[in-house]
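First up is the structure itself, then whatever we jot down about it.
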Amino acid sequence: RIGDTDLNECDDRELAHLRNHRIGFVFQFHHLLGDFTAQENVMMPSLIAGASPEEAARRSRELLARVGLEDRLSHRPGELSGGEQQRVAVARAIVRSPALVLADEPTGNLDPQTAAEVEDLLRELNREQGLTLVVVTHSERLAREMDRCLRLRGGKLEVA
């Protein structure tokens, strides 16, 4: 369930709508579109959802500024550092103001300092926006910082 929605009762169209409107995704390997700028990558979920290009552009600028990339709007992913790419991915994940963000090893490919910055950003967004974070990580530091921690050991889920 996500809110009042029983996922088992949803057809493919309803699930796609739910993913676009209620869930944000942050992957270990950013999955940014290389032919598009940072701003265009962040705009994409809004455009898919039917937002006007002007509204999508305004919101993407706002979020890229929030993650410290206001001066990198027109850069393509290949022109950004790994940490910058991950911050673009975080902005893209929250552009639709989701209730839930699923993050799969969001700092796994980052140097320790950049990883700490992205971790801090995720926690700030959790506090400020009240969004639920589900983070899969091998980082003990990040796991300790979460409100609740579940561990998978030997194929069994344990409350830590």
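The values are calculated or read from the model by the stated rules, or taken from the named source; none is laboratory data. All values derive from a computational prediction rather than experimental measurement. Glycine also receives a Cβ, built like all others from the backbone with ideal geometry; neighbour counts cover every protein chain displayed. These area figures cover heavy atoms from the full protein model, side chains too; ligands, DNA and RNA do not enter into them. Shrake-Rupley method; radii C 1.70, N 1.55, O 1.52, S 1.80 Å.
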Does residue 71 satisfy the criteria of being over 20 Å from residue 131 (Cβ atoms), acidic (Asp, Glu) and open to solvent by 20 Å² or more (accessible area, probe 1.4 Å)? yes
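Taking the options 107, 114, name whichever one is surrounded by fewer than 21 Cβ atoms within 10 Å (Cβ to Cβ) and in contact with a helix residue (DSSP H, G or I) (Cβ under 6 Å, 6 or more places away or on another chain). Spell out how you get there, then give the answer.
Details: 107 fails: surrounded by fewer than 21 Cβ atoms within 10 Å (Cβ to Cβ).
Every option except 114 fails the conditions.
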For residue 53, only one of the following conditions fails: (1) of a type outside the set (Asp, Glu); (2) within 27 Å of residue 143 (Cβ to Cβ); (3) surrounded by fewer than 21 Cβ atoms within 10 Å (Cβ to Cβ). What is its number? (2)
Can you tell me which residue within the range 56-111, out of those that are part of a helix (DSSP H, G or I) and of a type in the set (Val, Ile, Thr), is nearest to residue 18 (Cα to Cα)? 94
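Only one residue in 158, 117, 124 is part of a helix (DSSP H, G or I), within 26 Å of residue 1 (Cα to Cα) and without any contact (Cβ under 8 Å) to a residue 60 or more places away in the chain, so which one is that? Show your work before the answer.
Numbers: 158 fails: part of a helix (DSSP H, G or I); 117 fails: within 26 Å of residue 1 (Cα to Cα).
Only one candidate passes the filter, namely 124.
Here is a yes/no grid of residues against (1) aromatic (Phe, Trp, Tyr); (2) over 20 Å from residue 86 (Cβ atoms):
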| position | (1), (2) |
| --- | --- |
| 7 | no, yes |
| 11 | no, yes |
| 14 | no, yes |
| 18 | no, yes |
| 23 | no, no |
| 28 | no, no |
| 31 | no, no |
| 36 | yes, no |
Output for the range 4-33, where each listed residue is touching a strand residue (DSSP E or B) at 6+ places or on another chain (Cβ under 9 Å) and on the phi > 0 side of the Ramachandran plot: 31
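Report yes if residue 74 is touching a residue at least 12 places away in the same chain (Cβ under 8 Å), more than 23 Å from residue 125 (Cα to Cα) and of a type in the set (S, T, N, Q), otherwise no.
Numbers: touching a residue at least 12 places away in the same chain (Cβ under 8 Å): yes; more than 23 Å from residue 125 (Cα to Cα): yes; of a type in the set (S, T, N, Q): yes.
For residue 74, the condition - touching a residue at least 12 places away in the same chain (Cβ under 8 Å), more than 23 Å from residue 125 (Cα to Cα) and of a type in the set (S, T, N, Q) - is met.
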Report yes if some residue within the range 88-100 is farther than 23 Å from residue 55 by Cβ and surrounded by 11 or more Cβ atoms within 10 Å (Cβ to Cβ); otherwise report no. no
I need the full set of residues from the range 139-160 which are open to solvent by less than 100 Å² (accessible area, probe 1.4 Å) and of a type outside the set (A, V, I, L, M), in order please. 139, 140, 141, 145, 149, 151, 154, 155, 158
For the range 21-51, what are the residues that are part of a loop (DSSP other than H, G, I, E, B) and at pLDDT 95 or above? 36, 37
Name the pairs: first residue in the range 3-18 and of a type outside the set (Lys, Arg), second residue loosely packed, with under 12 Cβ neighbours inside 10 Å, Cβ to Cβ under 8 Å, at least 6 apart or on different chains? 7/1; 15/7; 18/7
